[in-house]
Amino acid sequence: MPGTDETAQRLLDSSARLSRDPETEIDWDAPLGDGYGLSPEWSTLYGTSYWEELTEVQRRELTRHEAASVASTGIWFELILQQLILRDVYALNPAGADFKWSLTEIADECRHSIMFARLTGKLVDVEYRPRPIARELGRLFKTVATGESAYAAILVAEEVLDVMQRDWMRDRRVEPLIRTVNHIHVVEESRHMVFAREETRQRLIGAGRARRWTSGLLIAVVADVIMSSMVTRAVYANAGLDADRAVREARRNEHHRALLRSSCANLMDFLGEVGLLTPAATRVYRRTGLR
Amino acid sequence: MTYVIAGDCCSDASCVAVCPMNSIHPSPGEAGFGTTDGLFIDPRTCIDCGACADICPVGAAKPADQATPVEVELNRSHFATQPALNALDLDTWDAPSFAPWTDGPRRVAVVGAGPAGIYAARELLLRSTAEVTVYDRLPVAGGLARFGVAPDHPLTKQIVTTFERVLAHPRVHWRPGTEAVTAELETRYDAVVHAVGSFQSRRLGIPGEDAARSCSAAEVVAWYNGHPGARLPVELVGPRAVIVGSGNVALDLARLLVSTPDRLATLDLPAAVRTTLASSNITEVVLVARRGPEAAAYSASALRDLQSLDGVDILFDTEGSELSSPPLPGRRIVFRFGTTPEAWDPAAGFVTDAGMVSAGNLFTAIGFAGRPIDGLPFDEQRGIVPNDRGAVLNRPGHFVAGWIKRGAQGGIGANRACAEETVRTLLATASSGALSAAPM
């Protein structure tokens, strides 16, 4: 098993091979077309009876608001993880690859957040934010989380977003700007996920059962909060839908749950491999629909 | 520097799905997938992120500086005649495909915890909310991934741990050491996926085949892999052994038979197996194939494995040279193509149309056939259960995956696409109401 420093060096080299700058790579002044915001099959309402009643225009509008909400949740989580990593960086040797990689990752996340912010602004003229309770939990988490909890939580957030975005970037029905934004994110996140896995593995070396139980459960709760924050209630109202009905049908949407479950299969396998899929954690994942 | 995929590749294509640059080919659905010797990474577009290595269930994807020059070259040359795909042009990627949710079955039985059965169970867990009961005759999971992969391929065997994690899923009920009876399953499950493999060795049909010191290679493979209940059915008698067949099973066996005690000591073998192999005085293995080298069934990576054996000469004997006298000193593996087996005489040796081969043992490795499953139709000719994309013909509620579905070909990873197809068929059938409407 390579050390994190070796992994960090490889990732730095990779970053030198291809890093992307959304500021220069994307023509932010170009007008937006009339594509979908995300693959319709990824809409929280796809497959429900409500979806069947929507017109093509309504569906497109809904997916744009959903995309904006997901991007906003992405920004929120990227801010949290920048702080998590920054807290870790204080302890590192500035000459090490680990240090340089961590700052590179923060820089990537910073660029992504600006990119998502610009995208959201172009897509819709409302703002999305996770609900207050999630925001407060995030505030607490970024202050106290350490070790494998911090890195596995980073992994959870990145991995869930990553698999969705891989579909959206390849989907010709999705607005080209969104496809490009998603690909930029996918490329850079793949390095971040490699690092988060490596850090998680390293920090779990020698961890006992009690610690795995606590960390496993904490990570599962984080996953639950992230998943439930992706598309907020305001999305449906802003898209001109009956929010009560939409929330009710989305919550029961087995199609969406199956998609999320498939997307998180690699993540669950990793958590199982490192011993973080404890029975308590598994119960949370089952409720969230990831297991 | 980039990453490369080595010869241990299982082709289950987990890596293809995580590559952010579309650098790994052939991907499922592309020409060559399943027929090329594993998957390859295009060094022109790989950005060295390591996502493939992180996900690879058999440790075959690795940084180029940890691979052999041959492996690096193989990855490069796979793409030599094709232009590099520009991942930044997103239309060069395959469009995503989505299977809409169907109100699937509630209870499914999967018979067989080998690769096909586990991949089917995994797909069912992801795509439905069904409770999945997995049966296996053996007390442990893994099937051929555990008992068919040679012990000098420990990385490939590593995939068994991935399989075991699927069985730990809360919606899986794991029933090891259980003989599943079709008629009983019908009453208790909405659907049954039979993934029992084809473990019956094909026979040569020559005189003396059942005589002393002759057996199927599969029996030896099961024995050296510690398969429960497997015994070595013959005494190993040197100095020359004949293996009929030119597939990877034949090559695996040849490699083990000519291994020196030093090499055997490095392998994960049951102690008794190690002792028996080390004390056999087999120094030469002759692989006999009816057809020519162009029809050889082994994979290129299996041949490279042989060629990288220290102190073992690999000879391609197409001339029909003299094998009737005892072998020369030294260890070697001889390929003899274009030779038709005629008889086995334990006292004299192996009789072929090209003359006598003096040998102490005969092993046959000419492929596998399925055995009929109680209560299901069976295609004797092909040794499979006749099916349409996994649905057993004329038996609603019954499905097949793996070798019993498509015949004994394709490695571990090929079962993934195969099982996914079966589960798609199963869920589509379930949603059309055909499962509950038809009495099983």
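Values in this text are rule-based calculations from the coordinates and carry no lab data. The structure displayed is predicted, hence computed values, not measured ones. Using ideal geometry, Cβ is built from the backbone for each residue, glycine included, and neighbour counts are taken over all protein chains shown.
Sequence-ordered 3J(HN,Hα) estimates for segment B:200-208 from the Karplus curve with 6.51, -1.76 and 1.60 and θ = phi - 60° stand at 8, 6, 5, 10, 6, x, 10, x, x Hz, glycine and proline given as x. What is the calculated FRET efficiency for B:GLU342 to B:VAL237, with r their C-beta to C-beta distance and R₀ = 22 Å, to the nearest 0.05? With a Förster radius of 22 Å, E is 0.60. Phi angles of segment B:215-222 translate, via the Karplus equation with coefficients 6.51, -1.76, 1.60 and θ = phi - 60°, into HN-Hα couplings of 7, 7, 4, 4, 5, 5, 4, 4 Hz per residue; Gly and Pro are given as x. For chain B, the longest principal axis of the Cα atoms and the long axis of helix B:248-257 meet at an angle of about 50 degrees. Between the residues B:THR187, B:VAL237, B:GLY208, the greatest Cα displacement towards the positive end of the dipole of segment B:170-246, with unit charges on the Cβ of Lys, Arg, Asp and Glu, is found for B:VAL237. Adding -39500 (n - 2.57) for every DSSP H run of four residues or longer, then dividing by how many residues chain B holds, sets the calculated 222 nm ellipticity at -7500 deg cm²/dmol.
Here segment B:9-125 is assigned +1 on the Cβ of each Lys and Arg and -1 on the Cβ of each Asp and Glu. Its dipole about the Cα centre then comes out at about 420 debye.
In segment B:48-126, the convex hull through the Cα atoms has an average projected area of 8.8 nm², a quarter of its surface area. Let me know the shape class of chain A, please: from the alpha-carbon gyration tensor, a ≥ b ≥ c as square roots of the eigenvalues, rounded when a/c is under 1.5, otherwise prolate if a/b is greater than b/c, or oblate. Oblate. Short to long, the 10 Å bins of the Cα pair-distance histogram for the protein assembly as shown hold 3, 13, 22, 24, 19, 11, 6, 2, 0 percent of all pairs. For chain B, set up a GNM with springs between Cα atoms under 10 Å and report which of B:GLU184, B:GLU380, B:GLU219 has the largest fluctuation. Most flexible of the set in this elastic network: B:GLU184. For chain B, the cysteines with no partner cysteine C-beta closer than 4.7 Å are B:CYS9, B:CYS10, B:CYS19, B:CYS46, B:CYS49, B:CYS56, B:CYS215, B:CYS418. Out of B:ARG165, B:ARG371, B:ARG203, any idea which swings most in a Gaussian network model of chain B, alpha carbons joined below 10 Å? Taking springs between Cα atoms under 10 Å, the residue moving most is B:ARG165. The P(r) of chain B has a tail past 38 Å containing 28 percent of all C-alpha pairs. Taking a ≥ b ≥ c as the square roots of the Cα gyration tensor eigenvalues, with a/c under 1.5 meaning rounded and otherwise prolate when a/b beats b/c, else oblate, which class fits segment A:131-210? Here segment A:131-210 falls in the oblate category. Between the amide H of B:SER11 and those of B:LEU39, distances stay under 5 Å, these residues lying 5 or more places away or on another chain, with hydrogens modeled in the peptide plane. Each residue of segment A:42-51 was assigned a 3J(HN,Hα) from its phi angle through the Karplus curve 6.51 cos²θ - 1.76 cosθ + 1.60 (θ = phi - 60°); the sequence is 8, 5, 5, 9, 4, x, 8, 5, 4, 4 Hz, with glycine and proline shown as x. Each helix, a run of at least 4 DSSP H residues, gives -39500 (n - 2.57); summed and divided by the residues of chain A, these come to -24000 deg cm²/dmol at 222 nm. For chain A, modelled as a GNM with alpha-carbon contacts under 10 angstrom, which of A:TYR236, A:TYR50, A:TYR90 fluctuates the most? Looking only at A:TYR236, A:TYR50, A:TYR90, the biggest GNM fluctuation is shown by A:TYR90. Other residues within the sphere of radius under 12 Å centred on the Cβ of A:GLN58, judged by their own Cβ, net out at -2 (K and R +1, D and E -1).
Once a ≥ b ≥ c are taken as the square roots of the eigenvalues of the Cα gyration tensor of segment B:240-283, is the result rounded (a/c under 1.5), prolate (a/b larger than b/c) or oblate (a/b not larger than b/c)? Because a/c hits 1.5 or more and a/b exceeds b/c, segment B:240-283 counts as prolate. Rounded to the nearest 20 debye, the dipole size of chain B about its Cα centre is 880 debye, using +1 on the Cβ of Lys and Arg and -1 on the Cβ of Asp and Glu. For segment B:315-368, the ratio of Cα radius of gyration to the globular rule of thumb 2.2 N^0.38 Å stands at 1.13. On the basis of the beta-carbon distance and an R0 of 41 Å, A:SER49 and A:ALA207 show a calculated FRET efficiency of 0.30. For segment B:326-440, the direction-averaged projected area of the alpha-carbon convex hull comes to 10.7 nm².
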